[in-house]
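Comments concern the structure below.
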Amino acid sequence: MEITLTHYLVLSTVLFAIGLIGVMRRKNLLMLFFATEILLNAVNIGMAAISHYRGDYTGQMFAFFIIAIAASEVAVGLGLLIVWYKRTGKIDLDQMTSMRG
Amino acid sequence: MEVYLYIALFAPLVGSLFAGLFGAYPKMLFTGVIASGLLFASFVSSAILLNYVLAGHTVHVEMMTWIAAGDLYIPFGFVVDQVSVTMMMVVSVVSTVVHVYSIGYMAHDKGFNRFFSYLSAFVFSMMVLVMSDNFLGLFIGWEGVGLCSWLLIGFWYHKESATWAANEAFIMNRIADLAMLIGIFMMYWNLGSLQYDVVFANVATLPMHIITWIGIFLFIGAMGKSAQFPLHTWLADAMEGPTPVSALIHAATMVTAGVYLVVRANPIYSEIPDVGNAIASLGAFVAMFAATMALVNRDMKRIIAYSTLSQLGYMFVAAGLGAYWVALFHLMAHAFFKALLFLGAGNVMHAMHDELDPFKMGGLKKSMKVTWIFMTLASVALAGIYPLAGFFSKDLILEVAFVEQHYILYTVLLLTAGLTAFYSFRLVALIFHGNERHLEHGIHPHEAYSFMLYAMAPLAVLAVIAGMVFKTPYYLMVTNLLPAMTYHIHNHTTFWIMTIGTQLFVIAAITYAYKKYAKAVKVDKKVESGLLYQLLYNQYYIPKIYDEVFSKPYLKLSKLAWKEIDLKIVDATVDGIANVIYQTGEKTHTMQNGNLSSMLRWMVIGLVVLLVLAVAFTAGYNAVNLQAM
């Protein structure tokens with residue numbers, strides 16, 4: 001069986017759905033980061049695949065940018081997370097309610 | 001010469017602004033003095049310009065561009081020609097006198113500085129009105145005098161009646177001004193210019209019906225300012241203002257602006273003699289109508305106001321019949337003696353502690369000799385006795401009507417001349433002769449300050465000599481611009497019979513008034529309860545009719561609009577929108593509970609909604625476009 005663009009896009013969608021569910025359901029902040037990474041990489045797969053099948057490298061370039069930005073985002077995010085853990089000893093989402101409107 | 005033009009025009013403005021600086025302060029004598037001094041400068045400049053115009057020149061300046069857009073070009077242009085210089089002289093003479101007089105009259109008023117600011121602003125507006133070289137500039141002056149009139153009628157704004165009268169005058173004038181604006185629009189639409197010289201040179205090329213409508217609309221504007229029937233009620237109510245205001249604005253200058261407009265627009269009205277006849281008929285009607293109301297009124301200032309109305313009617317008769325120079329001449333003569341009459345009435349009011357009912361006065365000639373002489377002179381001039389001003393100007397209008405073979409108008413005007421003489425001397429007799437009825441009310445009259453009397457003296461002199469001395473030079477000057485019609489009754493016998501007959505008739509009316517009122521006042525109950533007396537005393541019930549027909553239904557309509565439309569529809573809609581937003585906020589603020597997890601969930605829901613919308617719109621857009629293809 002030949003692997004077509006559809007397969008990649010379905011994979012991308014499935015990963016995106018997993019990521020979304022993770023974002024919604026997970027209470028652990030670390031898990032939330034993983035879910036976010038899954039979301040970003042789902043998009044990366046879509047971009048790279050479409051770029052390959054269209055013979056246009058713009059999409060792949062975008063994918064690289066996204067990887068770079070995701071890495072820096074995780075670095076900043078993890079830094080904040082460590083500070084938060086040192087302060088409170090917890091990384092549970094439900095306890096972070098200081099932004100109540 | 002241009003510099004004199006600018007001094008004549010702007011000196012009053014400077015005076016007004018200067019006095020206005022101190023508007024909120026208590027009385028400062030120098031504001032009045034400086035405003036009067038600047039007015040005098042304006043008068044001197046006008047006199048120099050008059051001399052220049054008499055030598056056969058005219059001055060026309062374009063100060064600056066005012067409106068220039070596309071084909072529309074209207075400059076701030078001013079013209080001093082034979083007609084406007086006449087008006088400038090009248091305005092500056094009377095206003096200088098009134099300013100000086102007001103220093104005494106308003107001496108004990110809290111709003112002394114404010115008063116001079118308004119009064120000078122009025123003179124400036126009036127100067128713009130008469131000096132402008134285009135209809136729009138005239139309109140600006142026209143509105144300016146309307147505004148100042150409103151300010152001055154309502155000068156004592158704490159009095160309910162004064163504010164009411166001010167608003168009445170303002171609103172009535174707005175109604176008329178709308179018509180005037182339409183006339184100006186039509187003129188611009190058809191001729192492409194509002195400059196007097198362009199308009200007058202080309203007006204004859206227009207179709208007849210358009211000229212007619214322009215003439216009618218302009219005249220409606222004039223009717224409002226000159227208080228002609230049916231827009232006349234404001235003038236009598238305007239007497240709520242301080243008396244110098246009545247003298248300057250509501251007798252000598254502003255109310256004559258309507259006559260000035262018709263005289264100025266004479267090339268238009270010469271094309272449409274039918275409209276002219278209508279104007280003359282209306283004028284004659286108003287002359288009679290107002291004179292009858294003056295016969296029985298018991299308010300000194302209102303009597304003089306009705307007399308003004310009546311004389312304005314005379315002027316419109318002359319203007320309507322094409323005798324423009326006669327109208328302007330009567331305007332001038334009338335300004336002098338009517339202002340004098342009003343200022344005299346002001347003296348009497350001061351002496352009587354603001355009592356206005358002449359039936360409560362009497363015998364004042366002992367204590368107020370000079371005022372008595374002045375008011376008698378003014379009344380004689382008004383009645384048109386030879387050789388005072390009124391004889392030359394008013395009898396001339398009678399002759400015009402006779403020569404033009406409008407015998408009905410002639411008869412009406414002749415009768416009105418008798419009525420004029422009667423009510424003028426009824427007033428003089430009641431105030432200055434007979435027993436001193438005011439003593440019962442504990443009033444001890446005193447003569448006004450002597451400088452006020454000196455200020456009035458020039459008017460008294462002019463009221464005497466204006467007709468005799470000025471008539472020929474005035475005629476020679478003004479007929480350079482206005483149609484030079486002479487009105488001679490060819491038959492000498494007829495002329496003498498008419499002149500002497502009129503004089504005898506007027507003298508008889510005066511004698512009757514003296515006989516009836518100079519000794520003791522007998523109140524004839526039978527006459528006073530009669531229908532005719534009541535009709536006249538209540539001003540033909542016209543104020544009442546206006547109240548019933550216009551004011552009350554309008555009030556009802558306004559209340560309906562307020563309670564039904566404003567409260568129930570407009571306010572309800574606005575409140576409804578605010579309520580929906582408020583309620584939405586109330587209901588949805590639980591969303592922001594500070595829990596990151598639930599916020600993320602909302603974010604995802606938002607994303608899904610946006611995605612669905614994007615897909616749906618794309619699909620819909622494609623469907624429509626593909627169908628179109």
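A few comments on the model shown:
Conditions (1) over 13 Å from residue B:269 (Cα atoms); (2) assigned to a loop (DSSP other than H, G, I, E, B); (3) among the hydroxyl-bearing types (Ser, Thr, Tyr), marked per residue:
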| site | (1), (2), (3) |
| --- | --- |
| B:193 | yes, yes, yes |
| B:198 | yes, no, no |
| B:216 | no, no, no |
| B:220 | yes, no, no |
| B:239 | yes, no, no |
| B:246 | yes, no, yes |
| B:251 | yes, no, no |
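- Answer from B:128, B:91, B:97, B:85 - the residue that is over 24 Å from residue B:477 (Cα atoms), modelled with pLDDT of 90 or more and crowded, with 21+ Cβ neighbours inside 10 Å: B:97
- Residue within the range B:497-506 that is modelled with pLDDT under 80 and touching a helix residue (DSSP H, G or I) at 6+ places or on another chain (Cβ under 7 Å) present: no
- Near pairs, Cβ below 9 angstrom, 6+ apart or cross-chain, from the range B:63-75 (more than 27 Å from residue B:4 (Cβ to Cβ)) to any residue that is assigned to a strand (DSSP E or B) and β-branched (Val, Ile, Thr): B:68/B:74
- Any pair with Cβ under 8 angstrom, 6 or more apart, that starts in the range B:228-244 at a residue that is under 13 Å from residue B:349 (Cβ atoms) and in contact (Cβ under 8 Å) with a residue 24 or more places away in the chain and ends at one that is among the polar types (S, T, N, Q) and surrounded by 21 or more Cβ atoms within 10 Å (Cβ to Cβ): B:239/B:246; B:242/B:102; B:244/B:102
- Selected residue (criterion: nearest to the other protein chains (Cβ to nearest Cβ)) from residues of the range A:84-101 that are exposed (fewer than 10 other Cβ atoms within 10 Å of the Cβ) and in a helix (DSSP H, G or I): A:87
- Considering (1) assigned to a loop (DSSP other than H, G, I, E, B); (2) surrounded by 13 or more Cβ atoms within 10 Å (Cβ to Cβ); (3) of a type in the set (A, V, I, L, M, F, W, C), the lone condition that residue B:469 does not fulfil carries the number (1).
- Checking each residue in the range B:166-198 for being under 13 Å from the mean Cα position of the chain (by Cα) and under 22 Å from residue B:247 (Cα atoms) picks out B:166, B:168, B:169, B:170, B:171, B:172, B:173.
- Screening B:378, B:351 for residues that are under 14 Å from residue B:453 (Cβ atoms), in contact with a Leu (Cβ under 6 Å, 6 or more places away or on another chain) and among the hydrophobic types (A, V, I, L, M, F, W, C) leaves exactly one candidate, B:378.
- Complete set of residues in the range A:1-31 that are away from every other protein chain (no Cβ under 13 Å) and under 14 Å from residue A:94 (Cα atoms): A:30
- Residues that are assigned to a helix (DSSP H, G or I) and either within 7 Å of another protein chain (Cβ to nearest Cβ) or not β-branched (Val, Ile, Thr) (or both) within the range B:588-605 comprise B:589, B:591, B:596, B:597, B:598, B:599, B:600, B:601, B:602, B:603, B:604, listed in sequence order.
- Subset of the range B:392-406 (residues that are over 25 Å from the mean Cα position of the chain (by Cα) and not charged (D, E, K, R)): B:400, B:401, B:402, B:403, B:405, B:406
- Residue identified as closer than 19 Å to residue B:224 by Cα and surrounded by fewer than 20 Cβ atoms within 10 Å (Cβ to Cβ) among B:138, B:151, B:178, B:191: B:178
The values are calculated or read from the model by the stated rules, or taken from the named source; none is laboratory data. None of the values given here were measured: they were computed from a predicted structure. FYI the Cβ positions are ideal-geometry reconstructions off the backbone, even for glycines, and counts take in every protein chain you see.
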